[in-house]
Amino acid sequence: LRGAKFLKSLMILICMLLLLVLSTSRSAYLTIGVISLILVIVTKQKLKVTIITIAAIVFLFVVGVFVTTDYTQKYFLYKNNVINFVSETLNTQYKSVLSGRDKLAQYVLKSTMERGLFGIGAGNFRIITSRFSVNPFQWEDSSHNILSDILAENGIFTLLASVAFGLFILRRIVRKPTMWGFVLFAIFINSKTNFLHRFYSVQFLAALLLG
């Protein structure tokens, strides 16, 4: 790319990176990191480039998690006004590292111990949270992990089939990289730590990509 096309692409990239940072989404940071690593592997970069990429991904992810959680309040509240201002502006001063995902994982484990073969039924995750939560009136629609949701709602057999399908998609991406394949895999990675898969628009997009 040269001239106007290069500047246009550069401006789009800068805007996308800015929106990514301002999202304060650790799931988005993780997705970008994993996809970048797969790109490096697929394009068969030199070992030095691969190592530098891995180190950069780990460093940026750790920094991202640190800045977008309540760690900024614990360690810099009275020491750095700039970081404090950023934390309050992005509303991350009360955002813990796991944001309750550990408790949701415990609920999934308890439910699996009781109904692990066939699950509790598709779309019924709120029943699990209302049953095992200390507050029965506090419920969630998702465990923020697509595999945990499948296990809790549909059982172990459906989970194994889903994992096999995900590995098949990854194998196709590695063997024959396409932009749409990476988009589909990015949706899957993001759904590992988020509830992106619960949105009907995302489900429709994934169905189109699979088709």
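Tabulated values for the structure
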item: Scope segment 165-187; condition open to solvent by 60 Å² or more (accessible area, probe 1.4 Å) and closer than 21 Å to Leu117 by Cα; matching residues; result: Phe165
item: Residue match in segment 104-116 (condition: of a type outside the set (A, V, I, L, M), modelled with pLDDT under 85 and open to solvent by less than 50 Å² (accessible area, probe 1.4 Å)); result: yes
item: Helices (runs of 4 or more DSSP H) contained in segment 111-201 and holding at least 2 residues free of Cβ contacts under 8 Å to residues at least 40 places away in the same chain and of a type in the set (Val, Ile, Thr); result: 125-132, 156-175, 179-190
item: Filtered residues of segment 115-154 (kept if small (Gly, Ala, Ser) and over 19 Å from Leu98 (Cα atoms)); result: Gly116, Gly119, Gly121, Ala122, Gly123, Ser130, Ala152
item: Given (1) touching a helix residue (DSSP H, G or I) at 6+ places or on another chain (Cβ under 9 Å); (2) without any contact (Cβ under 8 Å) to a residue 40 or more places away in the chain, index of the condition Asp102 fails; result: (1)
item: Count of residues meeting criterion [at pLDDT below 80 and of a type in the set (A, V, I, L, M)] in segment 171-206; result: 3
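Conditions tested, residue by residue: (1) modelled with pLDDT of 85 or more; (2) open to solvent by less than 100 Å² (accessible area, probe 1.4 Å); (3) touching a strand residue (DSSP E or B) at 6+ places or on another chain (Cβ under 9 Å).
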| residue | (1), (2), (3) |
| --- | --- |
| Ser87 | no, yes, no |
| Ile120 | yes, yes, no |
| Gln138 | no, no, no |
| Ser142 | yes, yes, no |
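The values are calculated or read from the model by the stated rules, or taken from the named source; none is laboratory data. Model, not experiment: these values are computed from the prediction. Note that each Cβ is placed from the backbone with ideal geometry, even for glycine, and that neighbours are counted across all protein chains shown. Each accessible area value is taken on the protein alone, full model and side chains, heavy atoms only, with ligands, DNA and RNA left out. Shrake-Rupley method; radii C 1.70, N 1.55, O 1.52, S 1.80 Å.
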